Amino acid sequence: MRGRRAASIVLLAAVTVWAASSAAGAPTGYSADPHQSRLEFVGVQAGAEFKGVFHKFTADIQFAPEALASSHFDVQIDLNSTDTMDKDRDTTIRGADIFDVAHFPTAHYVTRSFAKTATGYTAVGALTLRGVTKDVPIDFQFTQAGTGARLEGSAKLKRLDFGAGQGDWKSTSEVADAVKVNFVLALKPNN
Amino acid sequence: MPIRTSSGRYTAVAQTLHWLIAGLIVTQFVLAISADDLPIGAHKLALLARHKSFGMTVLMLAITRLLWRLKNPPPELPAGMTHLERVLARISHAAFYVLLLAMPMTGWLMSSAKNYSVSWFGLFTWPNLIAKNEAAFDVLRSTHHILGDVLFVIAVLHILAALKHHFWNKDDVLLRMLPFVKLDRAKSED
């Protein structure tokens, strides 16, 4: 009697978990197609905007609109691939006073939580840049396209939160503290 | 003795533009020379940002001045000037106008070629005129520097000529570009 009751509770629990997980769905695993994806930042230098792109990065995207709780982004950026379309500026940005790629060659972004917004989704994640880890929220839209998907969004951060600006570059009068990050990721399902 | 055909001075607008541009050009040389000696860094960036903002200001003022001049011809040169002096004056003034446009334009172009967009005092950003091009940047940079040297030489000649007119010829050439002073100096036709 007692055994049967315990068994039925276990069964009920199992069914409940299964039902809950299938209702919520499991996130789909994707990775960004490097040739069709773009990760850029927009800074302000001497009052004028400039753009930079990171040519090399990997994005491990686990996402499903119905499974936000178990969705997860993990993005690794090769800071040596920073390209602002000017070699002097690239050298400066990669140098010791800004990214310091010699000591911190990669930046890393890992999400912690997701939420639905009026226009798309928002995520809170931790960005590690120059050895400093801070939360940076991102806003994005997720569009399914065939078996893949398109992830487009942006984030705002302050470069000095991460020490990306030492010495003279701590001044924000010529290089603004605020930096915008834009991304368009062409996602391919992991198989 | 020839009679002066014009005792007029430059209009207040022309005078204002002349002295504003003159002041800006002196500032431009100071900023450019100071920035040239600095290594790449925030300080250099700050000086060049100001240099660009002032440069675009010169461009706008120079265009305004040219348009104004078309509608309001300058007073005639003193009658006592020789043919050669007149030719030299015309050439140097024409060269000034060319340089007042060419200096900012080559600067704007070189900033564009370097993909360093030109801001106007942080208030707005001028569009890049050409795409990023390192080779074009090098050529434009040299051109900008050479034109700067030419401008410097012409400016020195211009100042010396104005002083020569004032102290040697004792005519109104310098005074007519100055507000509040009385023209019609006694010896202007000597």
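The values are calculated or read from the model by the stated rules, or taken from the named source; none is laboratory data. All values reported here derive from a predicted model rather than from experimental measurement. Positions of Cβ are backbone-derived with ideal geometry, glycine not excepted, and every protein chain shown enters the neighbour counts.
Candidates A:GLY125, A:GLY165: the one that is crowded, with 16+ Cβ neighbours inside 10 Å and part of a loop (DSSP other than H, G, I, E, B) is A:GLY165. Within the range B:114-136, the residues that satisfy the criterion of being facing another protein chain (nearest Cβ under 10 Å), among the hydrophobic types (A, V, I, L, M, F, W, C) and over 23 Å from the mean Cα position of the chain (by Cα) are B:LEU123, B:PHE124, B:ALA131. With respect to (1) within 14 Å of chain B (Cβ to nearest Cβ); (2) over 27 Å from A:PRO137 (Cβ atoms); (3) modelled with pLDDT of 95 or more; (4) touching a helix residue (DSSP H, G or I) at 6+ places or on another chain (Cβ under 9 Å), the lone exception for A:GLY95 is condition (4).
Look at (1) surrounded by 15 or more Cβ atoms within 10 Å (Cβ to Cβ); (2) aliphatic (A, V, I, L, M); (3) under 18 Å from B:LEU100 (Cα atoms) and you find that B:LEU77 fails only one, number (3). Taking the criterion of being among the small types (Gly, Ala, Ser) and at pLDDT 95 or above, the residues of the range A:119-147 that qualify are A:GLY120, A:ALA123, A:GLY125, A:ALA126, A:GLY131.
For the range A:137-150, the count of residues that are without any contact (Cβ under 8 Å) to a residue 40 or more places away in the chain, in contact with a Leu (Cβ under 8 Å, 6 or more places away or on another chain), away from chain B (no Cβ under 14 Å) and closer than 28 Å to A:THR91 by Cβ is zero. Every listed requirement among (1) surrounded by 15 or more Cβ atoms within 10 Å (Cβ to Cβ); (2) touching a residue at least 40 places away in the same chain (Cβ under 8 Å); (3) in contact with a Leu (Cβ under 9 Å, 6 or more places away or on another chain) is met by A:THR111 save one, (3).
Any residue at all in the range A:25-32 that's free of Cβ contacts under 8 Å to residues at least 40 places away in the same chain, exposed (fewer than 15 other Cβ atoms within 10 Å of the Cβ) and over 18 Å from the mean Cα position of the chain (by Cα)? The answer is no, given that none of the residues of the range A:25-32 is free of Cβ contacts under 8 Å to residues at least 40 places away in the same chain, exposed (fewer than 15 other Cβ atoms within 10 Å of the Cβ) and over 18 Å from the mean Cα position of the chain (by Cα). Condition first: surrounded by 13 or more Cβ atoms within 10 Å (Cβ to Cβ) and of a type in the set (Asp, Glu). Now tell me which residues in the range B:135-165 satisfy that. If the condition is that a residue be surrounded by 13 or more Cβ atoms within 10 Å (Cβ to Cβ) and of a type in the set (Asp, Glu), then B:ASP138 is the only one that fits. From the list A:SER8, A:SER22, A:SER37, the lone residue that is among the hydroxyl-bearing types (Ser, Thr, Tyr) and at pLDDT 95 or above is A:SER37. Residue-level check: of (1) in contact (Cβ under 8 Å) with a residue 60 or more places away in the chain; (2) assigned to a strand (DSSP E or B); (3) more than 17 Å from A:PHE183 (Cβ to Cβ); (4) of a type outside the set (Lys, Arg), A:GLU40 misses just (3).
For B:ARG65, indicate whether it is of a type in the set (Lys, Arg) and within 30 Å of B:VAL139 (Cβ to Cβ). Against the criterion (of a type in the set (Lys, Arg) and within 30 Å of B:VAL139 (Cβ to Cβ)), B:ARG65 qualifies. Given the criterion in a helix (DSSP H, G or I) and free of Cβ contacts under 8 Å to residues at least 40 places away in the same chain, identify the matching residue among B:LEU67, B:LEU100, B:LEU38. Just a single option satisfies the conditions, and that option is B:LEU67. Just to be sure before I move on: is B:HIS18 within 14 Å of chain A (Cβ to nearest Cβ), at pLDDT 90 or above and in a helix (DSSP H, G or I) in the structure I sent? Judged against the criteria, B:HIS18 is not a match.
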